[in-house]
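One structure is given below, encoded as structure tokens.
What follows is calculated from the coordinates using simple rules that are stated; it is not laboratory data. Being a predicted model, the structure only gives us computed values, none of them experimental. Note that each Cβ is placed from the backbone with ideal geometry, even for glycine, and that neighbours are counted across all protein chains shown.
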Amino acid sequence: MINSYKKDFPILEKNNIVYLDSAATTQKPIQVINAIDRFYKNSNANPHRGAYKLSLDATNVYDEARKKVAKFINAKSEKQIIFTRNATESLNLIAYCYGLENIKKEDKIVLSIMEHHSNLVPWQYISKKTGAKLEYLYINELGELTDEEIDKKIVRGTKIVGITHVSNVLGTINPIEKIIKKAHSIGAIVIVDASQSVPHMKIDVQKLDADFLVFSGHKMLAPLGIGVLYGKEELLNNMKPFLYGGDMIEYVYEQDATFAELPAKFEAGTQNVEGAVGLSSAIDYLENIGMDNVEKVEKKLTKNALDELQKLAFVTVYGTNNLENHGGVISFNVNGVHPHDVASILDSENVCIRSGNHCAQPLLRFMGLDSTCRASFYIYNTKEDVNKLIDALYKTKRMFAKWIR
Ligand code: 7TS
């Protein structure tokens, strides 16, 4: 059965590829491509800077996109939505503008060992600059964070907890509700890296009570180059700007300047209106399907893929088997064959997977691995895609028969 969403993605239709690398970036539906095309044909100008109709149009679509994002994650106010380039920039903004200003030598920063480098390397910098200790929440053999580990590490003295909602390597869905509650009980703030969750499930920032939450548009059908930083208003208000320049100021004098209110304070320079328009259209597309359905489609695919991969004696699958806390990302290895070789053979069969350390070297090192193969799913994937992945893995087995363990 071909699912009804694949037809909306010209690149998949045209190239007849099985795209299993959506954790890296997703393909774009024609609806999003058309929305960007319409913007450039009808409304392109520099927003917030012109009194003429086109500039007002550009301002309007940009502001509407912000409102849509706020509603999508249930933020109290659209002022809490800062557009950035991507999750990485959002995380750096938090590290520089909150971390550097608020963390002291005697404080502790706690991260999970499964953080993407984007939510890890900035905190190494802050730790070195401030003298604060950097500690990690480690995983059990199934790639999960246990209650014990959370209670042991998130203790008095912890000021920041950085946690990815869903691991981009193992697909583990972390118990962020519990982590947020625990962190707040001892006075720490929590940064949720929702890069691998906002595209795939309903997220309610008010219910979660996250202090900061970040994600990238390009992992949820939107164009490259647009990201989101959500933050509690009081925290954002008390932070200094990240970048200085046009449109983030109120008054500028020769020796001094005052700054604009949220969200403009954090959006220096000409805004990525194209990105915001694309993100707005991507949200429309996802909401039209319904996030519950997106999650259902992916759960079914993940179960199917896990079942099929686990039947292969020459393949090792990493992470938990519990679908309850497993997103649509699966890491595995063909025993005895380097993941880059596996990915090349799969590519010759038009199956795109990622191989490598997935920008999570500390996690891989903790697991005693250098690299893995990774298949990640989105709404355009089908059972047939999983079958093609399995067939291509059999081909790999045939080609590397001598080395397979
Ligand atoms: N956080 C997580 C959990 C991610 O998976 C990624 C990107 C990022 C942050 C950074 O996102 P960016 O848009 O700022 O680059 N993850 C991946 C991946 O798994 N393969 O390629 C990029």
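Of the trypsin sites (Lys or Arg not before Pro) found in region 25-64, those that fall in a DSSP loop while having at most 16 other beta-carbon atoms within 10 Å are R49. Each DSSP beta bridge with both residues in region 32-287 is either parallel or antiparallel, and the antiparallel ones are about 40%. Helical runs (DSSP H, four residues minimum) scored at -39500 (n - 2.57) apiece and divided by the length of the chain put the mean residue ellipticity at 222 nm at -11500 deg cm²/dmol.
Based on C-alpha pairs under 8 angstrom that are at least 6 apart in sequence, the chain has a relative contact order of 22 percent. Taking one quarter of the surface of the C-alpha convex hull of region 32-287 gives a mean projected area of 14.2 nm².
Distance between the 7 Å Cα→Cβ label points at K178 and E295: 1.8 nm. The 3J(HN,Hα) values that the Karplus relation (6.51, -1.76, 1.60; θ = phi - 60°) gives for region 199-212 are, in residue order, x, 10, 8, 6, 10, 10, 5, 6, 5, 5, 6, 5, 7, 9 Hz. Gly and Pro appear as x. Taken one residue at a time, the phi angles of region 161-177 give Karplus couplings (6.51, -1.76, 1.60, θ = phi - 60°) of 10, x, 9, 7, 5, 10, 5, 7, 9, 9, x, 4, 8, 7, x, 5, 4 Hz. Gly and Pro are set to x.
Looking at the chain as a GNM with Cα springs under 10 Å, which of K303, K152, K108 has the largest mean-square fluctuation? Looking only at K303, K152, K108, the biggest GNM fluctuation is shown by K152. Each eigenvalue of the Cα gyration tensor of region 184-258, multiplied by 5 and square-rooted, gives one semi-axis; in descending order these are 29, 20, 8 Å. Comparing Y62, Y136, Y52 in a Gaussian network model of the chain where C-alpha atoms under 10 Å apart are linked, the largest mean-square fluctuation is found at Y52. With one equal scatterer per alpha carbon and no solvent term, the Debye-computed log10 I(q)/I(0) for region 248-375 at 0.10, 0.17 1/Å reads -0.57, -0.99.
Please report how far the C-alpha centroid of region 1-54 lies from that of region 278-310, rounded to the nearest whole angstrom. So the separation of the two Cα centres works out to 18 Å.
One chain, two ends: L243 and R398. Fully extended at 0.36 nm per residue, the span grows by 50.4 nm beyond their Cα-Cα distance. Under 18 Å from a point 7 Å along the Cα-to-Cβ line of C359: which residues of region 85-100 have their amide N that close? The answer is 85-96, whose backbone nitrogens lie closer than 18 Å to the label point. In a reduced charge model with +1 at each Lys and Arg Cβ and -1 at each Asp and Glu Cβ, the chain shows a dipole moment near 640 debye about its Cα centre.
Pop the C-beta distance of K311 and E254 into the FRET formula with R0 = 60 Å and round what comes out to the nearest 0.05. In this case the efficiency is close to 0.25. Using only alpha carbons, region 224-275 has a radius of gyration to Kirkwood radius ratio (Rg to Rh) of 1.00.
Inter-label distance, N44 to E141: 5.8 nm, where each label sits 7 Å from its Cα along the C-beta direction.
When each of the peptides 117-127, 89-99 is scored by how many other beta carbons lie within 10 Å of its residues on average, the order from highest to lowest is 89-99, 117-127. Legend: residue pairs K6/K207; K67/K153; K219/K240; K108/K181; K153/K240; K108/K299, Cα-Cα distance threshold 26 Å; pairs beyond threshold, K6/K207; K67/K153; K219/K240; K153/K240; K108/K299. What does the extension gain come out to for K129 and K383, with contour length at 0.36 nm per residue minus their alpha carbon separation? Once the chain is fully extended between K129 and K383, it gains 86.5 nm.
Residues of region 101-141 with amide nitrogen under 11 Å from the 7 Å Cα-to-Cβ point of F366? Only 111-116, 135-141 fall inside the zone, counting backbone N under 11 Å. Here region 94-208 is treated as a Stokes sphere of Kirkwood radius computed over C-alpha pairs; at 20 °C and 1.002 mPa s its diffusion coefficient rounds to 151 µm²/s. In region 1-100, one over the average inverse separation of all distinct C-alpha pairs is 16.7 Å, which is the Kirkwood hydrodynamic radius. Multiplying the residue separation of D151 and E233 by 0.36 nm and removing their Cα-Cα distance gives an extension gain of 26.7 nm.
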